[in-house]
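**Q** First the structure, which I've put down as structure tokens, then a few questions once you've had a look.
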Amino acid sequence: MAEIDWRDTPSGGDTIANTGTGSFEEMADTIQVFETFYDGTDIYLNTGANILVNSVNPRKTIVLSIAGGHPSTTSGAGIVQQREYSVNKQSLYIAGFDSSTKEYYEWAIIMPTSYDGGDMYAQFHWTHGSTSTNFGVCFGIQMRAYTDSDPIDQAWGTAKEIVDTGGTTGDYYVTSKTTAITPAGSPAGGQLLLIRAYRDPANVSDNMAIDADLIAITLDYGVNSYSD
């Protein structure tokens, strides 16, 4: 098999060598040139190209802050509160999720155009107030993607849940990542994505008798182009 070693030099003099054991047939072989090069400062890619690591598309993160969302009109979580901590005066926006009723909180975002349309993974960042025993909490999340002219009032995607355990009043906690979340619709870059999170007190592992105070959610998603 013939192999090509193509060396480009700053002077413009290119060297092409056959480093394989085969030979080139003038009419049968073609050379495909990919316009990717390094000029000593920057790496240049074809339009729409991506940078892969171990042949896998890279992944990025979106942060859903509590201040950037809102409680659902029906069965909504607590309204956004600004909580200041007493000693060093840190201040956070949080929303409380009830210990006995399933409550919801929502976001509307436009996905980056580099989003590959694939599965996502969520982590919940939260805290809690004072309680003496039982600190288990179950959070859930579901999504729907929309393209131009889609009806908005459509079914949510399959919900995915994750359990976490608190323990100390006023500490910061973060869950593990959920299993893969598939948004309903036909998700793609540049589309509207509606997101709904909840706490599920009916889950056997959710046994904390006070509000779980959500700070933010991070979404892990894949990209198929380097630039938005």
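Only the coordinates and a few stated rules stand behind these numbers; no lab work does. Here the structure is a predicted model, which is why all the values come from computation and not from measurement. Please note: Cβ atoms are built from the backbone with ideal geometry, for glycine as well, and neighbour counts cover all protein chains shown.
**Q** With 10 angstrom as the radius, rank VAL163, VAL204, VAL87 by how many other C-beta atoms surround their C-beta, starting from the fewest. If you can, show how the numbers build up before the last one.
**A** On the way: VAL163 15, VAL204 8, VAL87 5.
Ascending Cβ contact count within 10 Å gives the list VAL87, VAL204, VAL163.
**Q** Here's another thing I want to ask about it. Using a Förster distance of 41 angstrom, determine the FRET efficiency expected from the C-beta separation of ALA202 and GLN90, and round it to 0.05. Mind showing how you got there, number by number?
**A** Working: r = 33 Å, r/R0 = 0.81.
In this case the efficiency is close to 0.80.
**Q** Can you check what the net charge comes to around PHE97, using other residues whose Cβ is under 11 Å from the Cβ of PHE97 (Lys, Arg +1; Asp, Glu -1)? Mind showing how you got there, number by number?
**A** On the way: positive: LYS102, ARG199; negative: ASP98, GLU103, ASP200, ASP206, ASP211, ASP213.
Its environment carries a net charge of -4.
**Q** Sticking with this structure for a sec: All other residues with a Cβ under 15 Å from the Cβ of GLN81 taken together, and with Lys, Arg as +1 and Asp, Glu as -1, what is their net charge? Walk me through the intermediate numbers first.
**A** Working: positive: ARG83; negative: GLU84, ASP98, GLU103, ASP211, ASP213.
So the surrounding residues net to -4.
**Q** With a cut-off of 17 Å, note down the residues of segment 93-109 whose backbone N falls inside the zone around a label point 7 Å from the Cα of ILE79 toward its beta carbon.
**A** Within reach of a label on ILE79, which here means backbone N under 17 Å from a point 7 Å along Cα→Cβ, segment 93-109 contributes 93-98, 104-106.
**Q** Tell me, what is the percent relative contact order of segment 58-116, built from C-alpha pairs under 8 Å that lie six or more residues apart?
**A** The normalised contact order for segment 58-116 reaches 35 percent.
**Q** Considering only the other residues whose Cβ falls under 14 Å of the Cβ of SER205, what net charge follows from Lys and Arg at +1 and Asp and Glu at -1?
**A** On the way: positive: ARG199; negative: GLU161, ASP164, ASP200, ASP206.
Local charge sum for SER205: -3.
**Q** Along Cα→Cβ, 7 Å out, is where each label goes; now give me the distance between the ones at ASN54 and THR218 in nm to one decimal.
**A** 1.9
**Q** Return the tail of the calculated pair distribution for segment 160-228, meaning the percent of Cα-Cα pairs more than 14 Å apart. Don't skip to the end; give the middle numbers.
**A** On the way: 1654 of 2346 pairs.
Cα-Cα pairs in segment 160-228 separated by more than 14 Å: 71 percent.
**Q** Let me ask another. Put one equal scatterer on each alpha carbon of segment 45-129, apply the Debye formula with no solvent term, and list log10 I(q)/I(0) at q = 0.21, 0.23, 0.26, 0.27 1/Å to two decimals.
**A** -1.09, -1.23, -1.42, -1.47
**Q** Lysine pairs, Cα distance under 20 Å, 8 or more residues apart or cross-chain: how many in segment 59-222? Numbers along the way, then the final one.
**A** Details: LYS60/LYS160; LYS60/LYS177; LYS102/LYS160; LYS160/LYS177.
Lysine pair count for segment 59-222: 4.
**Q** Report, to two decimal places, the Cα Rg of segment 59-222 normalised by 2.2 N^0.38 Å (N = number of residues). Mind dumping the intermediate values first?
**A** On the way: Rg = 15.9 Å, N = 164, 2.2 N^0.38 = 15.3 Å.
Against the compact-globule rule of thumb, the ratio is 1.04.
**Q** Now, a different point. Could you give the size of the charge dipole of segment 59-222 about its Cα centre, using +1 on the Cβ of each K and R and -1 on the Cβ of each D and E, expressed in debye and rounded to the nearest 20? Intermediate values should be presented prior to the final figure.
**A** Working: 10 positive and 17 negative charges, 50 e Å.
Roughly 240 debye, rounded to the nearest 20.
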